Each structure stands twice: as structure tokens, then as C-alpha cells.
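See structure below.
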Amino acid sequence: MGKGRLEAFSDGVLAVIITIMVLEMRVPHGTELADLRPVFSVFVSYVLSFVYLGIYWNNHHHLCQVTEGVDGTILWANLHLLFWLSLVPFVTGWMGENHFAAGPTALYGVVLLMAAIAYYVLQQAILRKQGPASLLAVAVGRDLKGKLSPVVYLIAIPAAFVRPWIAGALYVTVALIWLVPDSRIERKLSK
């Protein structure tokens, strides 16, 4: 089975997720810059989530570039990833509306953790179909960033109950690690 529908569907879902997220940002009533102060945390959480969704979109695109075909397992693994990403607008809004309170900030981390696990599951499903000598297997290698991210989330989730800003800083750190697109696949494709 070709990968075109999987890519198109995933792109559409991610576009809807981002649209929902931005529609949740309420315009303040007032014309002064000071009127923006109450929505500042909502905006910050939106920016962080937008970056995360952009990272997933970018890496999903690279993953699809080296995927030769899909099967039912890959389709379900992709839906699993999209499920967790579809929860990003909810946790983004809850965290922003509550000014990064402990509970919402921890739940944000849970969703990020589950999305990271789901991405790993998708990657493994593709690797199983394509084999250990595939371009993806060679490109992914030891995947240090992919293994480090869930560990950081596991630290950030309980840290949110100690100091929510620590969890937020850890979420930003993971985003910064992934902000530079994973060039391993691109390097392998260019050879």
C-alpha cells in the first residue's frame, strides 16, 4: 500500500490541530497593550505547542520520505500518534488559561510523553516492515534524541508539582533539542 494517503491524512489532521489551537486564543476586550497581559500565558503555551507540532510535522515528513510502503500496523501506529497530538490543543489551553499551574503543566507533559512514545511505536512499525538494512534503520541509528526526550518528560511531570516553571523549562529544552530538524534521514537520502 502506498504512503501518500497516510501523509495527506496526517498533514490534514495536524493542520486542523493547529487551527483549533489558535482558535482557542481569545481576543482581549480593550485596545491597550496592557489588555494583552491576561492572555500572555495562553500565548506562551500556544507558541510552545505550535513549535512541538511543527517538530512532529517535520519529523513525520522525514519519516514518510524513507517509508517505502505502509500496512495496517503502520496505519494504526500513525493514528495512535495523531490521537496524542490531537490532545495538544486541550492541554495547551488548560495550561495557558491556568497560568502554568501544576496539574495542567504535568498533564501537558503526559501528553508530550505519550506522543513521543507513539512516534517511537510508529518508527518501529516502519522499521519492522522495511527491515534492519533499510534507509530508515541506518539513518535512525541509536536515536539519542528520541530516547532522551521521554526521560526528560518523565522528570518534568513530577517536577511540575514541585515548581511548574521547572517542568516548563524542561519542555522548552526538549523542543530546542528537536527544533533543528533531524538531518539524519536527509543525509542518507542525499547520498
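Of note:
- Helical segments meeting 24 Å axial Cα length and Kyte-Doolittle 0.5 threshold in the chain (DSSP H): 4-23, 40-65, 102-130, 144-162
- When nucleic acids and ligands are ignored and a 1.4 Å probe is applied, residue 20 ends up with an accessible area of around 80 Å².
- Principal axes of the chain: Cα extent on each, largest first, Å: 57, 32, 29
- Under the criterion of Cα pairs below 8 Å and six or more residues apart, the relative contact order for region 37-119 equals 44 percent.
- Between residue 99 and residue 35, the simple label model (points 7 Å from Cα in the Cβ direction) yields a spacing of 2.1 nm.
- Mean projection area, nm², convex hull over Cα of region 1-112: 7.5
- For the chain, built as a Gaussian network whose Cα springs stay under 10 Å, the top-fluctuating residue of 87, 33, 112: 33
- Among 61, 99, 29, residue whose mean-square fluctuation peaks in a GNM of the chain (springs only between Cα atoms under 10 Å): 29
- Each 5 Å bin from 0 upward holds the following percent of the Cα-Cα pairs of region 16-81: 3, 13, 17, 18, 13, 11, 8, 6, 5, 3, 2.
- Euclidean distance between Cα centres, region 78-100 to region 113-144, Å: 24
- Cβ-derived FRET efficiency at R0 45 Å, residue 124 paired with residue 25, nearest 0.05: 0.80
The values are calculated or read from the model by the stated rules, or taken from the named source; none is laboratory data. Bear in mind the structure is a predicted one, so any value in this text is a computation, not a measurement. Quick reminder, even Gly has a Cβ in these numbers, built from the backbone with ideal geometry, and neighbours come from all protein chains shown. Ligands, DNA and RNA are stripped out before the accessible areas are found, and what is left, the full protein with its side chains, is counted by its heavy atoms. Shrake-Rupley method; radii C 1.70, N 1.55, O 1.52, S 1.80 Å.
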